[in-house]
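The values are calculated or read from the model by the stated rules, or taken from the named source; none is laboratory data. Everything numeric in this text was worked out from a predicted model, so none of it was measured. Every residue, glycine as well, gets a Cβ built from its backbone with ideal geometry; the counts of neighbours run over all protein chains shown. SASA here: full protein model, heavy atoms, side chains in, ligands and nucleic acids out. Shrake-Rupley method; radii C 1.70, N 1.55, O 1.52, S 1.80 Å.
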Amino acid sequence: MRDIRKELIEMLIAEVKPAVGCTEPVAVALACAKAKELLGEEIEENRILVSPSIYKNGMCVGIPGTDRLGLKIAVAMGFVGGYSENGLTVLETLSQDEVEESERYMDTQPINVVPAQTKDKVFIEVDLRGKNNIAKVVIKEKHDNFVYLQKNQEVLLDTGDYNNNEEIKVADENVVERKATFMDTTNVEEIIKNVENMNFEDIKFLLDGITMNVEMADYGLENKAGIGVGFGIKKAKEEGYMADDLMTEAMMLTAAASDARMAGIKMPVMSSNGSGNHGLTAILPIVAYNNKFPQSEERLAKALAISHLITGYIKNYTGRLSAVCGCGVAASTGSAAGISWLMDGDMTHIKGAIENMIANLSGMICDGAKAGCALKLSSAASAAVQSAIIAKQGFHVPPKNGIVGDRVDESIKNLGKVSDEGMQVTDEVIIDVMNNINKVK
């Protein structure tokens with residue numbers, strides 16, 4: 001007999017994990033570190049193919065330990081000092097000497113990062129050639145999911161998910177056929193009810209995310225990292241321009257953590273569904289609620305479980321990476337559901353909070369990971385709190401309102417259809433615009 005609760009816990013373990021730095025360049029650094037380990041000698045030639053979504057998200061973001069931005073420095077750091085055994089914290093162990101060596105490598109060695117012709121959202125292929133050896137590494141579907149490893153003529157790993165990318169099946173010229181997942185067979189109500197019956201010890205590890213993400217937020221509040229969105233909200237609150245209330249607290253914490261993270265501060269955050277910023281958005285508004293209305297550890301852990309799982313449920317339909325901001329349309333919705341549950345909301349209130357979010361921020365675009373993400377996370381956190389509060393008062397968007405359907409699960413699928421299928425061209429245009437902006441004159 002199927003044990004849904006066990007499957008949900010396994011998903012939490014797989015999808016909620018520490019990460020240092022923006023997840024897309026970190027994933028590239030991880031693949032490069034693994035490829036260099038397989039090669040076992042100095043690199044003479046390299047080629048790094050990345051999906052358009054990885055390319056977009058890694059273009060302008062800060063990298064932990066260095067003032068430089070983007071994928072090339074992440075590649076260099078993976079080659080010089082990365083250890084693949086560290087997973088998504090691969091950049092955490094680099095010494096200052098190794099960072100400086102990586103910067104010299106970037107300045108003196110050709111690094112070939114090329115957008116791949118693939119409709120996969122997460123796809124990284126690293127091909128290296130040395131004097132005596134060659135190596136190939138492929139990551140696909142998830143940021144730390146190796147699907148292919150090769151040294152010389154020996155294939156060390158082949159999960160069957162990679163055949164030079166020829167296995168991609170296109171339903172029409174724009175839409176990739178999506179593999180069925182566990183999340184296709186569940187629904188919002190089933191997720192909530194199973195979380196309510198979880199053993200605290202099984203999900204206690206989720207509380208570690210509070211510690212990590214609050215530390216990152218505290219850094220942003222104390223040091224005016226990035227563009228200082230969280231720091232600015234803190235000052236505005238102190239000067240009386242903003243109220244000292246739940247919404248401001250959620251905005252301030254979430255934005256400050258994003259400020260610090262996007263600036264490349266070398267501290268871990270707890271990620272959610274493959275994204276550190278998702279983790280900040282899924283966790284910190286719930287922390288803000290707890291700061292104002294203290295909860296037991298068990299209730300906090302269950303609220304976090306709801307937040308992460310609803311985020312994953314939505315991402316199952318919108319895609320791992322997409323043209324829409326996952327923090328705005330997925331993680332913030334998960335957070336709204338978690339807050340609604342902490343407010344002792346019943347299933348109608350929780351579903352209403354989710355519907356309110358889908359009606360609100362569904363059009364927020366993703367134009368890559370960068371300092372400005374702090375503004376989007378601030379808006380996402382604010383909307384999460386607002387949606388939960390309004391739903392608690394008994395008010396939510398009615399059925400057949402825009403993309404909101406007759407049931408919450410239908411609304412989520414509609415959001416996914418708009419995001420994944422409807423905005424393919426939007427994503428291509430965003431990447432083209434960003435390329436033109438960042439083109440060397």
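Of the solvent-accessible surface of region 181-267, computed with a 1.4 Å probe over protein heavy atoms with every protein chain present, carbon and sulfur atoms account for 48 percent.
Ranked by the mean number of other Cβ atoms within 10 Å of their residues, highest first, the peptides 7-14, 396-403 fall in the order 7-14, 396-403. For region 35-165, the per residue solvent-accessible surface stands at 44 Å², with DNA, RNA and ligands left out and a 1.4 Å probe. Here the chain is described by how far its Cα atoms reach on the three principal axes: 68, 52, 46 Å, from widest to narrowest. Surface composition of region 16-84: carbon and sulfur make up 45 percent of the accessible area, probe 1.4 Å.
At 1.4 Å probe radius, can you tell me the per residue accessible area of region 291-387 in Å²?
Details: 2360 Å² over 97 residues.
On a per-residue basis, region 291-387 sits at 24 Å².
Rounded, prolate or oblate for region 226-326? Axes are the square roots of the Cα gyration tensor eigenvalues, ordered a ≥ b ≥ c, and the cut-off for rounded is a/c under 1.5. Could the numbers behind the result be given before it?
On the way: a/c = 1.98, a/b = 1.27, b/c = 1.56.
Because a/c hits 1.5 or more and a/b fails to exceed b/c, region 226-326 counts as oblate.
Ordering 329-341, 60-72, 122-134, 347-359 by mean Cβ neighbour count within 10 Å, with the highest value first, yields 329-341, 347-359, 60-72, 122-134.
What a 1.4 Å probe finds exposed on region 299-441 is 57% carbon and sulfur by accessible area, rounded to a whole percent. Within the listed set Thr318, Thr93, Thr248, the residue fluctuating most in the Gaussian network model of the chain (springs between alpha-carbon atoms under 10 angstrom) is Thr93. When a/c is below 1.5 the answer is rounded, else prolate if a/b is larger than b/c, else oblate, so apply that to region 83-126 with a ≥ b ≥ c taken from the square roots of the Cα gyration tensor eigenvalues. Note, shape of region 83-126 comes out oblate.
For Gly226, what charge total do you get from the other residues with a beta carbon under 10 Å from its beta carbon, if Lys and Arg give +1 and Asp and Glu give -1? Walk me through the numbers on the way to the answer.
Values: positive: Lys224, Arg261, Lys370; negative: Asp259.
Value of the local net charge: +2.
Using the empirical formula 2.2 N^0.38 Å as the baseline, the Cα radius of gyration of region 242-385 reaches a ratio of 0.94. The listed peptides 234-241, 309-316, ordered by packing as a protection proxy, come out as 309-316, 234-241 (highest mean of other Cβ atoms within 10 Å first).
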